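Input: a single structure, listed below in structure tokens.
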Amino acid sequence: MSIAKRLASQTAIYGVSSIVGRVLNTLLVPLYTSRFVAAEYGIVTGLFAYVSFLNVLFTYGMETTYFRFANRPGTDRPELYNRVMTLLLLTSALFTAGLALLARPLMSLLALPPGHERYAVWIAFILGLDAVAAIPFARLRLENKARRFAVIRFANILMNVGLNLFFIVFCPDILAGKYLAGLRPLVEQLYDPSIGVGYVFLSNLAASAFTLVLLAPELLAVRFRLNLEPLRPLLRYAYPIMLMGLAGMVNETLDRILLPRWLPEGFYPGRSNLAAVGIYGACYKISILMNLVIQAFRYAAEPFFFAQSNEKNSPHTFALVLKWFTLCCAMLFVGVSINVELVARVFLQRPEYLEGLSVVPVLLLAQLFLGVYWNLSVWFKLTDKAYYGAYIGFAGAVLTIVLNFLLIPIIGYMGSALATLACYFMMAAICWWLGDRHFPVPYPVARLLIWLLVAVGVVAVSWWAPISEGWGRYGFHALLTLGFVGLVAAVEGRRLKAL
């Protein structure tokens, strides 16, 4: 139990930056949905979908590779850090320059309105800076410097949020004469209204640059090592991770890329295809509440799993971790899905965005299975069989593409949400099936599936119960939520006490 407590403690510390910080970042969604119409927010959603793909290419699996090789007996960790950082610094510079030079043709390829080429240049620099920061952050996690990691990540989020508020709220309001009229001459020098949604990317760029300043001690410790021979085993291990990451990005973001292309014009009356992407993207952000928990858990669990791999009781530890991770996520799924109307009042400030709320429970459940898959994937990372992850990821990518192609023209963005759920469920199932043969872990699969079916049933009752709007409906939803949480506590709490 001390192992579980240690993991929980690390997760809590990383949560300061990952959950609290990213919640602040997620709370920018109400700002965007209040200041930008759905078509404008569709530009942000579409471009950041491409950023997810490119981010995988910029880091090409080196973060996980660094963890794996750093935990091998006899590894010279400082020398490994120097080699990985040298490689990433060189490739990041090349990739950033190439992407910036190709800004105009890339924007035309994305079928975005003309005049936005500078967005691609800013995104290129964001990707380059974030790639350079990836390994210093990994080093902090490896050395269990969770507090320093959390402070820097939180500072990044705070900078990004602050600049978004400054450029998207304060500057336009001051120019409109709403308050602080004396600052108007200064604001006119700092703010260009023609940039519009571009300030979302500029704020992100400034925050990424500020992060590198805070990581200066880790960056100044780098000693350049240009010998490629020692890097070959690293690259051999990394490329399946990269392919797996690319497949994962297909599963995670391809729907927002395909929607404007495969959605029939006029499918949603009075809405353009770009507006549909904006609506779906805004509702998708609500499901990110689940992803925030997964991300915070991942920061602590990845080095934890590698460190525990040589322990005799590690399979039972992994089973315990998956069980409580799934139960916690199931409670979050029920709480957000049942009370999504209240949550939407915070996130979605324009009525047009509320049209897509029905996709939120589907996407939340999809994110839950993604977290389960991430837990199960420990077997191929610990056995140096990362290519299995690439195979599973590509199988999911094929299913994502096929289902989006079939469902988007019929049921619109609900088709994309269902494709995401089907993909992550299939990936988790295949990963468990393969892992049971190569690295047996006593996961309580049947018990967890029963809990997930109960959770889905509770959410279905809340959505389809014939209770009118108002306090009666909210009270009914609160009772259902507390009832599910109480049931989990009553049934599983005794097992936890026994441990």
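At-a-glance table
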quantity	calculated
The range 89-204: relative contact order in percent, alpha carbon pairs under 8 Å with at least 6 residues between	23
HN-Hα J in Hz across the range 275-288 - Karplus 6.51, -1.76, 1.60, θ = phi - 60°, x for Gly and Pro	5, 4, 4, x, 5, 5, x, 5, 5, 4, 4, 5, 5, 5
Lys285, Lys178, reordered so the largest accessible area comes first (probe 1.4 Å)	Lys178, Lys285
HN-Hα J in Hz across the range 373-387 - Karplus 6.51, -1.76, 1.60, θ = phi - 60°, x for Gly and Pro	4, 4, 4, 5, 5, 4, 5, 7, 6, 7, 9, 6, 10, 5, 5
Residue-level accessible surface for Ser272, protein heavy atoms, 1.4 Å, Å²	60
Met290 accessible area, assembled protein chains, probe 1.4 Å, Å²	0
Pair Leu165, Trp324: separation of 7 Å Cα→Cβ label points (nm)	3.5
Rough spin-label spacing in nm, given labels placed 7 Å along Cα→Cβ, for Ala429 and Leu186	6.0
Residues Tyr179 and Asn339, FRET efficiency given R0 of 35 Å [Cβ-Cβ distance, rounded to 0.05]	0.55
Residues of the range 215-274: accessible area per residue with a 1.4 Å probe, Å²	53
Theoretical FRET efficiency, 1/(1+(r/R0)^6), r = Cβ-Cβ of Glu229 and Arg261, R0 30 Å, to 0.05	0.10
Asp436 accessible area, assembled protein chains, probe 1.4 Å, Å²	70
Percent RCO, i.e. relative contact order, over the chain, from Cα pairs under 8 Å lying at least 6 residues apart	22
Largest to smallest accessible area among Phe154, Phe380, Phe170 [probe 1.4 Å]	Phe170, Phe154, Phe380
Separation of the Val213 and Val37 label points, Cα + 7 Å toward Cβ, nm	3.8
3J(HN,Hα) from dihedral phi, the range 149-160, Karplus parametrisation 6.51/-1.76/1.60, rounded to Hz, x for glycine, proline	4, 5, 4, 5, 4, 5, 4, 4, 5, 4, 4, 4
Cross-link reach list, aspartates and glutamates versus Lys385, counting only Cα pairs under 15 Å and skipping chain neighbours closer than eight places	Asp436
Accessible heavy-atom area order of His477, His316, highest first, probe of 1.4 Å	His316, His477
Cα gyration tensor shape for the range 402-478, rounded if a/c is under 1.5, else prolate or oblate	oblate
Partners for Lys145 among aspartates and glutamates (Cα-Cα distance below 16 Å; same-chain residues under 8 apart left out)	Glu218, Glu302
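The values are calculated or read from the model by the stated rules, or taken from the named source; none is laboratory data. What you see is a predicted model, and the numbers here were worked out from it, not measured in a lab. Glycine gets a Cβ as well: all are built from the backbone with ideal geometry, and neighbour counts include every protein chain shown. Heavy atoms of the whole protein, side chains included, go into the accessibility calculation; ligands, DNA and RNA do not. Shrake-Rupley method; radii C 1.70, N 1.55, O 1.52, S 1.80 Å.
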